[in-house]
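Engineer: Below is one structure. I have some questions about it.
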Amino acid sequence: MHLDEEGKLSNNKQFREYIKEMKFKVPDNFPTAEYVIVLAREDKLALVNFNFIGKKHEVMISPGYYQSGLKKEDLTNLIQTKIIKEKGYRVENAQGLHLKLLAVRSGLARYGRNNISYVGELGSFLALSAYFTDFNFENEILYDKRMLDECENCKICMKACPNNCISEENFVINVDKCITLYNEVEGEFPEWIDQNKHNALFGCMKCQMFCPANKEAMKNPNRFNDITEEETSLLINGDKNMTLLESISKKLHIPIASNADYYLPIIKRNLGVLLR
């Protein structure tokens, strides 16, 4: 039965905005699509020092919140040359699919107890993408939803989660209490979130950084260039100095300068809590 029909999905307004357009459907402009190709690429944890009032503060940026430099066209070319290997077939980026579920059902990934998908030594530090194609792979295997073997007798993520979002009873996490849901959008944090529980510029790393399945993935994070005192002060104050914002954007690999109205209020709030 569908999770929503079972009443296991949150009615949180922001969460519903994320999932409302998701569906498994062949696009109208590609009715001849035969298969979906699912890819996972490494997307490391990033660390950056913010200089503030004479001290360096190391801050984490969760995977998925900064730009890797890889373009959709690069992945399309990879699929055509390394996977299909035959000319004349169409490959189109698939939007609005449930990527985690698709990756697990395809056999590429497995779920962790924290409801995040894991792939081999990449652990959960990865980015998923999917592409429709009219190439016929003549392979109809769909795997059951599976959890990592390591999770069977492990409760580390349950204990590490700042707001107890993970339980044994319900495989779907309690998204209403998840820090990530609140620190990637504008607005004041709910009063019930302990300010000391925040741990990353965007997202939350607690259930992933202590996970045994991420042991290898945690070893080699990306290290970004330090943010200067002047740049940190600008972010804390929410100022729009475009010269400094361009510099910060390059260092953090986040398009802050080109989308300042969106990023500045969020970073001002999040960074302010972390630096405290």
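The values are calculated or read from the model by the stated rules, or taken from the named source; none is laboratory data. In this text, all values refer to a predicted model and were calculated from it rather than measured experimentally. When we count neighbours, we look across all protein chains shown, and the Cβ atoms used for this are built from the backbone with ideal geometry, even at glycine.
Engineer: For region 152-176, which positions are modelled with pLDDT of 95 or more and assigned to a helix (DSSP H, G or I)?
Structural biologist: Selection gives ILE156, CYS157, MET158, LYS159, ALA160.
Engineer: Name the residue, out of PHE202, PHE210, PHE171, that is under 30 Å from ALA103 (Cβ atoms), among the aromatic types (Phe, Trp, Tyr) and buried (at least 17 other Cβ atoms within 10 Å of the Cβ). If you could, list the steps in order and put the result at the bottom.
Structural biologist: On the way: PHE210 fails: buried (at least 17 other Cβ atoms within 10 Å of the Cβ); PHE171 fails: buried (at least 17 other Cβ atoms within 10 Å of the Cβ).
On inspection, the qualifying residue turns out to be PHE202.
Engineer: OK, next. Looking at region 233-252, can you tell me whether even one residue there is farther than 23 Å from ILE53 by Cβ, touching a residue at least 60 places away in the same chain (Cβ under 8 Å) and not hydroxyl-bearing (Ser, Thr, Tyr)?
Structural biologist: No.
Engineer: Count, please, the residues in region 210-262 that happen to be β-branched (Val, Ile, Thr), assigned to a helix (DSSP H, G or I), more than 24 Å from the chain's Cα centre (by Cα) and over 27 Å from PRO162 (Cα atoms).
Structural biologist: Total meeting the criteria: 1.
Engineer: Would you list the strands (runs of 3 or more DSSP E) that sit entirely within region 10-99 and hold 2 or more residues that are modelled with pLDDT of 95 or more and in contact with a Pro (Cβ under 7 Å, 6 or more places away or on another chain)? Don't jump to the end; show me each part of the working.
Structural biologist: On the way: elements: 35-42, 46-52, 55-61, 91-93.
Qualifying strands (runs of 3 or more DSSP E): 46-52.
Engineer: Now for a different question. Within region 97-151, restricting attention to residues that are within 21 Å of ILE19 (Cβ to Cβ) and β-branched (Val, Ile, Thr), which residue is surrounded by the most Cβ atoms within 10 Å (Cβ to Cβ)?
Structural biologist: Looking at residues that are within 21 Å of ILE19 (Cβ to Cβ) and β-branched (Val, Ile, Thr), I get VAL104.
Engineer: If you go through region 41-84 one residue at a time, how many are within 25 Å of LYS268 (Cα to Cα) and among the charged types (D, E, K, R)?
Structural biologist: 5
Engineer: Sticking with this structure for a sec: Tell me which residues, restricted to region 100-124, are in contact with an Asp or Glu (Cβ under 6 Å, 6 or more places away or on another chain) and assigned to a loop (DSSP other than H, G, I, E, B).
Structural biologist: Filtering region 100-124 down to residues in contact with an Asp or Glu (Cβ under 6 Å, 6 or more places away or on another chain) leaves 121-122.
Residues satisfying the conditions do not exist here.
Engineer: Checking ASN196 against (1) touching a residue at least 40 places away in the same chain (Cβ under 8 Å); (2) assigned to a helix (DSSP H, G or I); (3) surrounded by fewer than 16 Cβ atoms within 10 Å (Cβ to Cβ): exactly one of these is not met. Which one?
Structural biologist: (1)
For (1) within 29 Å of PHE15 (Cα to Cα); (2) not β-branched (Val, Ile, Thr), each residue gets a yes or a no:
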position: GLY187; (1), (2): yes, yes
position: ASP194; (1), (2): yes, yes
position: ARG223; (1), (2): no, yes
position: ILE254; (1), (2): yes, no
position: SER258; (1), (2): yes, yes
position: ILE267; (1), (2): yes, no
position: ARG276; (1), (2): yes, yes
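Engineer: In this structure, does LEU9 turn out to be under 30 Å from VAL273 (Cβ atoms) and either surrounded by 14 or more Cβ atoms within 10 Å (Cβ to Cβ) or of a type in the set (Asp, Glu) (or both)? If you could, list the steps in order and put the result at the bottom.
Structural biologist: Details: under 30 Å from VAL273 (Cβ atoms): yes; either surrounded by 14 or more Cβ atoms within 10 Å (Cβ to Cβ) or of a type in the set (Asp, Glu) (or both): yes.
So LEU9 fits the description; yes.
Engineer: Could you give every pair whose Cβ atoms fall below 6 Å, whose first residue belongs to region 171-192 and is within 28 Å of LEU148 (Cα to Cα), and whose second residue is part of a helix (DSSP H, G or I) and of a type in the set (Gly, Ala, Ser), counting only separations of at least 6 or pairs across chains?
Structural biologist: none
Engineer: Follow-up question, since we're still on this one. Pull up region 200-238, narrow it to residues that are touching a helix residue (DSSP H, G or I) at 6+ places or on another chain (Cβ under 6 Å) and polar (S, T, N, Q), then point me to the one that is nearest to ILE266 (Cα to Cα).
Structural biologist: Result: ASN225.
Engineer: Can I ask one more? Here is a list: TYR18, TYR65. Which entry is of a type in the set (Phe, Trp, Tyr) and without any contact (Cβ under 8 Å) to a residue 60 or more places away in the chain? Lay out the reasoning, then the answer.
Structural biologist: Values: TYR65 fails: without any contact (Cβ under 8 Å) to a residue 60 or more places away in the chain.
The match here is TYR18.
Engineer: Keeping to region 127-138, report how many residues are out of contact with any Phe, Trp or Tyr (no Cβ under 8 Å at 6 or more places or on another chain) and touching a residue at least 60 places away in the same chain (Cβ under 8 Å). I'd like the intermediate steps shown before the answer.
Structural biologist: First, pick out the residues of region 127-138 that are out of contact with any Phe, Trp or Tyr (no Cβ under 8 Å at 6 or more places or on another chain): 127-131, 138.
In the following step, the residues that additionally are touching a residue at least 60 places away in the same chain (Cβ under 8 Å) were identified as 127-131.
So the count comes out to 5.
Engineer: A further question follows. For region 79-97, indicate whether the set of residues that are aromatic (Phe, Trp, Tyr) and out of contact with any helix residue (DSSP H, G or I) (no Cβ under 7 Å at 6 or more places or on another chain) is non-empty.
Structural biologist: Of region 79-97, the ones aromatic (Phe, Trp, Tyr) are 89.
With the extra rule that they be out of contact with any helix residue (DSSP H, G or I) (no Cβ under 7 Å at 6 or more places or on another chain), the set shrinks to 89.
Yes; the residues of region 79-97 include at least one that is aromatic (Phe, Trp, Tyr) and out of contact with any helix residue (DSSP H, G or I) (no Cβ under 7 Å at 6 or more places or on another chain).
Engineer: Yes or no: LEU70 within 30 Å of MET218 (Cβ to Cβ), within 16 Å of the chain's Cα centre (by Cα) and exposed (fewer than 15 other Cβ atoms within 10 Å of the Cβ)?
Structural biologist: Numbers: within 30 Å of MET218 (Cβ to Cβ): yes; within 16 Å of the chain's Cα centre (by Cα): yes; exposed (fewer than 15 other Cβ atoms within 10 Å of the Cβ): yes.
Yes; evaluated as a whole, the condition is true for this residue.
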